[in-house]
1. Using the Kirkwood radius built from alpha carbon pairs, what does the Stokes-Einstein equation give as D for the protein assembly as shown at 10 °C and 1.306 mPa s, in µm² per second?
2. Bin width 10 Å, alpha-carbon pairs only: give the P(r) of the stretch A:23-99 as whole percents, running from 0 to the bin holding the largest distance.
3. Shape of the stretch B:1-46 from its Cα gyration tensor (a ≥ b ≥ c, root eigenvalues): rounded if a/c is under 1.5, otherwise prolate when a/b > b/c, or oblate?
4. If the chain between residue B:158 and residue B:215 were fully stretched, how many nm would it gain, using 0.36 nm times the residue separation less the Cα-Cα distance?
5. How far apart, in nm, are two points set 7 Å out from the Cα along the Cα-to-Cβ line at residue A:9 and at residue A:187?
6. How far is it, in nm, from the label point at residue B:227 to the one at residue B:13 when both lie 7 Å from their Cα along the line to the Cβ?
7. How many partner chain Cβ atoms sit within 10 Å of a residue's Cβ in peptide B:80-93, on average, as a whole number?
8. Using every Cα-Cα pair within the stretch B:43-107, state what percent have a distance larger than 15 Å.
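Here, each number is a calculation from the coordinates, and none is a lab measurement. Because the structure is predicted, anything quoted here is derived from the model rather than measured. Because the Cβ atoms are built from the backbone with ideal geometry, glycine has one as well, and the counts that use them run over all protein chains shown.
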């Protein structure tokens, strides 16, 4: 069969819409995921046992269930459980990505914090610094550098996971591809174009990651 | 008033007793050298002074404040006692001068400018003025340890604690660290030094503690104890480190 470029050109406006939605979901999802992950990771590494327990349960539930089930639960089940609650597909997608990436980021944060040599903490303690300052100024910056490679990995995984939100009908890139194909049946052209857009997005992330690693020496 | 007062201090790790009822006073200006076989409790003895280890029994008073006080009291004690570690423990993400400036900025709230001036003077004092913008990974072990001494001095402690400061260094790098420590002793700094450097103990120490099995077996002038060891245990120990 021939690869018909005109099909791709015709689909460009819809693909751009889908790309923007994918970027939006991924971006907000990761911003929330970073915050949640940092909190849960610190709680797991240093928190009071109750706080650490809550974080552990959260991580266990999210890591133990598929992301498709999570988004279905939030979009379809939650409004039935909570009276009067309405949730829009885009919001459900962002929230799902937040709590999903947050759980994995928490483990990345915990691992990096615990990998920092305990002598650095003692050096800070021996100066008479409170633990809050030791974490913020000594352990945190060293751990952050070690987190860059796994965090970059998680960003790329989350971007690609957003394609699974097709199941709740949010108009992200994969969903757009599916809809265009349903109207013109040009699977080869459309899925090639969609794959290329994902490749460009993940490629940009990988570039950003490499830049961050160069800027900050990993210690 | 003594700088450090051990009052029947005990410390246990699980079932094993590491410090078994130690009582002694350290006066301002003393250079106390602590020696003993590995596992004897000498590092723990030192680490109890700035509360890196909590004591289990008795009391320990540093510069008038008990180590059994609340977190704020403990931090106050730590600001009076500078600590130098066997593994240096410099902050790897900071240059030499940033390491030295860090304590004054964050514990004494010094403005950066003043902290930098003080840090420059301290690094010059330990002979590292021209290395101040290097990261720890770019410095030799001896240089790192001298930065660590400057960093501990920067919080203006009344007391300096050294935990085997030369044990991680190659023999030819030890003397540069020992020289800085000797200069410090000559300026009148109160020092407690856990070490295997018998020459340092003899020449610089004003008092030698031989700790064995969690107890202070001997406590006296270094030259005398080293020349005429009063016990077989100390004789055996000296033979092993010599």
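1. 61 µm²/s
2. 19, 41, 33, 7
3. oblate
4. Values: separation 57, 0.36 × 57 = 20.52 nm, distance 2.58 nm.
Difference between extended and current length: 17.9 nm.
5. Computed distance between label sites residue A:9 and residue A:187 equals 2.6 nm.
6. 3.7 nm
7. Values: counts 1, 3, 2, 5, 2, 4, 1, 5, 2, 10, 3, 9, 9, 11.
Averaged over the peptide's residues, the number is 5.
8. Values: 1200 of 2080 pairs.
Tail of P(r) above 15 Å: 58 percent of Cα pairs.
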